[in-house]
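Nothing in this text is a laboratory measurement; each read-out follows from the coordinates by a stated rule. Every value quoted in this text rests on a predicted model; they were computed, and no experiment measured them.
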Amino acid sequence: MNGIAPSTRVDSIRRSLVSLKMPRALEILDATLRRIEQGQIDGIEALDELLGEELSLRENRRIKAALRMARLPVVKTLAGYDFSFQPSLDKNRILALAGLDFIERAEVVHLLGPPGTGKSHIATALAVEAVRAGKAVYFIPLADLIAQLAKAEREGTLREKIRFLARASLLVVDEIGYLPVTPGGANLFFQLVNARYEKGAMILTSNRGFAEWGEVFGDAVVATALLDRLLHHAVVIQIEGSSYRMREHAALVPENVRNGSTFNPPPPKRRGRPPTKGKSDPEYG
């Protein structure tokens, strides 16, 4: 109509897509044009498909990068969790957590139970849901977290490290109670928890009951201070069952281990008064 050949128009579109960094739209352009010529779609539908494909590619890239930043050891989903193997677990309660309202409320989700019952799987799956929803997530085992904090303290960058960890919308601390906490580690963890208190959500997994946290952290005063904050706005989920990883060799495992009978945490308190100030850290309470 204006004297410009269709092939020239297509070349111009290609150059524009390259300049706009739209590789997926460029990749499917020729196939989309053929569908227009064959009458399968009109121009508006073609434009919608080109933009939709490009947006989908960019979203997948965003999620992939965010998952790397979250430091998730593996990517797991709630669809991949065998709820039938853990009948004590309320599936609807877990699916409700996947709605991520607990992040908006800056709550702490505690996943408690014997090894192999799926605590880390659920924590990881919830972290993946948060990443997909555009939330900043950071996942780390407690031992690694304390090692990072201790290193920052030695280098004089502890305040910056805590500020970095406090920025995440969701902090997942895995494997509390599996390894002994190094001297001074409890105090460092407390400082981080205190920085996130009522500001950022957390998910904690542990194979130890709350009554054992004094032993876990090697300091009853610090453990009390931690629980005071971590149980104030909390969701506590206790998984009572056998190890999923051991299911194929159950006959070889003692019954008390299969049933997780050695794990029996007492009911958590919902609120509590700050502990008496300890000599090791004047900020407790």
>> Past 31 Å, Cα to Cα: identify those pairs from Lys21/Lys161; Lys91/Lys135; Lys91/Lys199, in the order given.
In response: Lys21/Lys161
> What residues have an amide H closer than 5 Å to that of His110, excluding those fewer than 5 places away on the same chain, when H is modeled at 1.01 Å from N in the peptide plane?
Replying inline: Leu204, Val235, Val236, Ile237
> Across segment 115-120, in residue order, what do the Karplus-derived ³J(HN,Hα) couplings come to in whole Hz, using 6.51 cos²θ - 1.76 cosθ + 1.60 with θ = phi - 60° and x for Gly and Pro?
Replying inline: x, x, 8, x, 4, 5
> How about Lys151: which aspartates and glutamates have a C-alpha closer than 16 Å to its C-alpha, ignoring those fewer than 8 places off in the same chain?
Replying inline: Glu160
> In the calculated pair distance distribution of segment 48-138, what percentage of Cα-Cα distances lie above 20 Å?
Replying inline: 43
>> Using only the alpha carbons of segment 1-54, what is the convex hull's orientation-averaged projected area in square nanometres?
In response: 3.9
>> Semi-axes of the equivalent ellipsoid for segment 170-244, please: Cα gyration tensor eigenvalues, times 5, square-rooted, ordered largest first, whole Å.
In response: 19, 17, 11
